[in-house]
Amino acid sequence: MPVAHFSGFVPVAEGVHVGVAEPAAVNIGLVVGTESALLIDTGSSPQQGAELRRAAEQAAGVPLSAVVVTHWHWDHFFGLDAFGDLPSYGHESLLQRASDPEVVALAKEHLVEPTSLVGPNRPFSLARVVDLGGRRVELVHFGRGHTEGDVVVIVSGSDVIFAGDLLEQSAPPSFGPDCFLKEWPSAVDGILGLVDEHTVIVPGHGVPVDRLFAFDQRARISALYGQVDHLIRQGVRLNDAFEAGEWPFDEATIRAALPLAYAQLAAEGVTPRTTLPLL
Ligand SMILES: [Zn+2]
């Protein structure tokens, strides 16, 4: 299989670089210290992971000492096998994902050998610090959101944060079946609590954004959930919801997210009230 294209790394701050890996146009980060460097996300296959590793070592000028995966989705995670000899960080939930039959099936779909699906060898539940020499990088799980195991990467001294897919610039946020709509805004609040107007926030997909963008997208995610909650309490059923609501994202995004939002609210005990037929 040919390796999907990688753009090469471009600096977004001193010692902090971002490149774009196809086919999903995912942002790959590189943080360089005086002694070593950290790669953020691994691409969509072990072959691409190996290519990213070569590109990272060339751009960094110091050895790559660690890699972190922001979440389990194929375009971020399936390249991890190329880094088996390095410390690899990620949320502890990635360990189950690596052997999950659904993820194995997804790997086959993407022509990735299921045996190459591996979890991080330094899994964590809340936070870790990686020292690159003259620069510390904090890896933090602010709670469930885009997935159950999103990790945000905070680069000390350079005012850059890698948000993974908790934020997306090139498209609306990806509301997959494994997201947690209600909790997602609080995870973004974790990011917002750390940034000022100068902070560069690198989303999972698209160009770097600022605090206002992150605040706006957080508000939209929250509004989507709030709107569905409101409609359900008014007795609006799923099939009528799109027409009945006012929405913070485009129609295709909303139509895809609605069944999920209804199911997640139902799990919270919020279901449309059935009215007795009037005789
Ligand atoms: Zn994702």
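Derivation of every value follows stated rules applied to the coordinates shown; laboratory data play no part. Everything numeric in this text was worked out from a predicted model, so none of it was measured. Cβ sites come from the backbone with ideal geometry, for glycine too, and all protein chains shown count toward neighbours.
Annotations
- Charge dipole (debye, nearest 20) of the chain; +1 at Cβ of Lys and Arg, -1 at Cβ of Asp and Glu: 360
- In the stretch 30-59, the GluC sites (Glu not before Pro) that fall in loop regions by DSSP, at most 13 other Cβ within 10 Å: 35
- Cβ-based charge dipole, the chain, positive-most Cα from 4, 127, 64: 127
- The modelled label-to-label distance for the pair residue 159/residue 252, using points 7 Å beyond Cα in the direction of Cβ, is 3.6 nm.
- Cα point-scatterer Debye curve for the stretch 10-216, base-10 log of I(q)/I(0) at q = 0.08, 0.15 Å⁻¹: -0.23, -0.85
- Ordering 44, 156 from the fewest to the most neighbouring beta carbons within 10 Å gives 156, 44.
- Packing-based exposure ordering (other Cβ within 10 Å, fewest first) of 88, 186: 186, 88
- Degrees separating the helix 211-233 axis from the principal Cα axis of the chain, which is the longest one: 30
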